[in-house]
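Quick notes on the structure that follows.
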Amino acid sequence: MSVLVFIETSEGKAKKSSLEALCYAKALGGSVTAIVLGPADANSLQDLGKYGASKVLHAADAKLEQGIIQAYATVITKAMVDENTDVLVLANSSLATPVAAKVAIKTGASFASNVTELPDITSGFKVKRSIYTGKAFCWQELKNAKKVIAIKKNAAEVIENSGSAMVTPYVVQLSDADFNTTILSSEKATGDVLLPEAEIVVSGGRGMKGPEHWGMLEELAKTLGAATGCSKPVSDMHWRPHHEHVGQTGVKVAPQLYIAVGISGAIQHLAGVNSSKCIVVINKDPEAPFFKAADYGIVGDAFDVVPKLTAALKAAL
Amino acid sequence: MKILVCISHVPDTTSKINFIDNNTRFDANGVQFIIGPYDDYALARAIELKEANPGTTVTVLNVGPADTEPTIRKALAIGADDAIRVNTEPTDSFFVASQIAEHAKGYDLILMGRESIDYNSGVVHAMVGDLLGLPSVSPVMKLDVDGTKVKMTREIEGGKEQVEANLPLVAGCQEPIAEWKIPNMRGIMSAKTKPLKVVEPVAVAASVVLSKFELPAPKGAVKMIAADAVADLVAKLKNEAKVI
């Protein structure tokens, strides 16, 4: 089996989610080629060998610095043909998922997104997907000879070994039609931990009583190296930016640890956090439904518990 | 301007999900079906554009069997002019995108939600764009049409970007692109007589076949910790859950 992995970069380095995709591909067996688009750090390219790639195609074209979906789809489609790829693997993201969908159409591949574990290949090629916003899963058979798999966070463990990769420049002729959208500008929270990728998330709800009280949650998040999130009412009231809204119609997170402070736990919020490994709920209402979905719970006033918790963590970590 | 809004017919966000027939079929018993919440944002923005630009028409399209018609009528009650129902089960993204592409030619703006909340693939807009050779942008939080240019704000991980493209265009929408609209009595009455065309699907070879559903493993009981014993929580997170 020949597997191609699209590696997404951030500031020239492979994103952790893409390393998961690479390790997923390695676990599938067969030969693994990685493809990186736009300017990238040379060492970072070389290091992809440690995660299972035997070959790295680098399309360094400066026009690919911005994630233009159509252009990315053209390059990856060409690579699938050149490499005689059976399976394309990538990590779900706002860039990779639409690219994957387009590549699937252009190559006549079966497509699945939000895949949560390795396929079952005992009869056919069946993948397990998260559906109903994390409330259920389904197994689907990918019938076509070519397959495109977009994996969800934590579908594979990142394992480093001593492998090395051959890095090859990769050139694809692009036309104006490949740049059918123009990115005028982008603003991204830099330096902070990004919410969709965070291993620990600290979220606040209406129980925080106002945006002016977020300092204590940020302090707790900083202590843990966590990202901050919030419930829908909090983002609706503009206490926090929309991209921090965790839930059914917001960001779905899958961290190791999710700490919810002053969030009652409506089913729509739970839909965004049910892939978390461990959930801690702090709420002054002992009847808050969130406690039923939690691993650990504290009934108490956030304004009292959170600073104490931050202090205890500072002492312990 | 001609706008097409594609809507999904999905279980209400508060629904408990269950399966029947040896985990091969969704249990619709007692489930309330709604217009997909993201599709509802797309519809609301389409109606706003119609109100602001005289001569604009809004058509809604749903790929689904006859029992989705109350959902389609609700979209008409909200303000769409007419509707198309492609009479078939929406089996997978490529199948649905192929059906939409068949009817989407000639529209200037093809809007839908960023994803349906049942299968969550979030790719139908990209696939429709590809099938029709049109630009597709998602998830769009703001969309303004200026002549033939469309200016959009697209959400990306941890931020957003400003994107521009020409009509015709496909966009997957999400909040806060517009406020959800609630049908008024006049809308509900007029929806009953608005045209709803039923068409048969085009043949598409199944590339993905569902084999079975599965529910997540049940969660163990919550361990409660006293508010004055936060050190105990820290110890448990470290030694028991091993997450810090």
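I'd like to know if region A:227-236 contains one or more residues that are within 27 Å of the chain's Cα centre (by Cα), among the aliphatic types (A, V, I, L, M) and not in a helix (DSSP H, G or I).
yes
Restricting attention to region A:186-195, does a residue exist that is out of contact with any Gly (no Cβ under 7 Å at 6 or more places or on another chain) and either among the hydrophobic types (A, V, I, L, M, F, W, C) or touching a residue at least 60 places away in the same chain (Cβ under 8 Å) (or both)?
No, region A:186-195 contains no residue that is out of contact with any Gly (no Cβ under 7 Å at 6 or more places or on another chain) and either among the hydrophobic types (A, V, I, L, M, F, W, C) or touching a residue at least 60 places away in the same chain (Cβ under 8 Å) (or both).
I'd like to verify a number: residues in region B:3-17 that are at the interface with chain A (Cβ under 8 Å from one of its Cβ atoms) and hydrophobic (A, V, I, L, M, F, W, C), how many?
Matching residues across region B:3-17 total 1.
Being among the polar types (S, T, N, Q) and under 26 Å from A:ASP176 (Cα atoms) is the filter here, so list the residues in region A:66-119 that pass it.
Within region A:66-119, A:GLN66, A:GLN70, A:THR74, A:THR77, A:SER93, A:SER94, A:THR97, A:THR107 qualify.
Within region B:49-64, which residues are under 19 Å from B:LEU143 (Cα atoms) and outside any loop (DSSP other than H, G, I, E, B)?
B:LEU49, B:LYS50, B:GLU51, B:ALA52, B:THR57, B:VAL58, B:THR59, B:VAL60
So if I check each of A:GLY207, A:GLY163, A:GLY215, which one is in contact with a strand residue (DSSP E or B) (Cβ under 7 Å, 6 or more places away or on another chain) and away from every other protein chain (no Cβ under 13 Å)?
A:GLY207
Go through region A:42-72 residue by residue and tally those that are within 14 Å of chain B (Cβ to nearest Cβ) and aliphatic (A, V, I, L, M).
Counting residues in region A:42-72 that are within 14 Å of chain B (Cβ to nearest Cβ) and aliphatic (A, V, I, L, M) gives 3.
Restricting attention to region A:274-289, which residues are crowded, with 22+ Cβ neighbours inside 10 Å and either facing chain B (nearest Cβ under 9 Å) or closer than 17 Å to A:ALA221 by Cα (or both)?
A:SER276, A:ILE279, A:VAL280, A:VAL281, A:ILE282
If you scan region B:220-235, which residues turn out to be surrounded by fewer than 19 Cβ atoms within 10 Å (Cβ to Cβ), in contact with a strand residue (DSSP E or B) (Cβ under 8 Å, 6 or more places away or on another chain), facing chain A (nearest Cβ under 7 Å) and outside any loop (DSSP other than H, G, I, E, B)?
Scanning region B:220-235 gives B:LYS223, B:MET224.
Tell me, yes or no, whether region A:284-304 has at least one residue that is under 20 Å from B:ALA217 (Cα atoms), of a type in the set (Lys, Arg) and under 21 Å from the mean Cα position of the chain (by Cα).
No, every residue in region A:284-304 fails to be under 20 Å from B:ALA217 (Cα atoms), of a type in the set (Lys, Arg) and under 21 Å from the mean Cα position of the chain (by Cα).
A quick yes/no check of all residues on (1) of a type in the set (A, V, I, L, M, F, W, C); (2) more than 8 Å from chain A (Cβ to nearest Cβ):
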position	(1), (2)
B:GLU102	no, yes
B:SER121	no, no
B:HIS125	no, no
B:GLY129	no, no
B:GLY147	no, yes
B:VAL198	yes, yes
B:VAL204	yes, yes
B:VAL208	yes, no
B:PRO218	no, yes
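Among the residues of region B:192-210, which ones are under 30 Å from A:PHE125 (Cα atoms), outside any loop (DSSP other than H, G, I, E, B) and in contact (Cβ under 8 Å) with a residue 40 or more places away in the chain?
Scanning region B:192-210 gives B:VAL208, B:LEU210.
If A:ALA155 satisfies every condition in (1) more than 7 Å from every other protein chain (Cβ to nearest Cβ); (2) closer than 23 Å to A:LYS277 by Cβ; (3) not in a loop (DSSP other than H, G, I, E, B) but one, which is the exception?
(3)
Pick out the one residue from B:ASP144, B:ASP130 that is of a type in the set (D, E, K, R), farther than 23 Å from A:LYS128 by Cβ, modelled with pLDDT of 95 or more and outside any helix (DSSP H, G or I).
B:ASP144
Mind listing whichever residues of region A:274-304 are touching a residue at least 40 places away in the same chain (Cβ under 8 Å) and in a helix (DSSP H, G or I)?
Residues satisfying the conditions are A:ALA302, A:PHE303.
Looking at the structure I just gave you, is A:ILE183 loosely packed, with under 15 Cβ neighbours inside 10 Å, among the aliphatic types (A, V, I, L, M) and out of contact with any Pro (no Cβ under 8 Å at 6 or more places or on another chain)?
The answer is no for A:ILE183.
The values are calculated or read from the model by the stated rules, or taken from the named source; none is laboratory data. If you're wondering where the values come from, they're calculated on a predicted model, not measured in any experiment. Please note: Cβ atoms are built from the backbone with ideal geometry, for glycine as well, and neighbour counts cover all protein chains shown.
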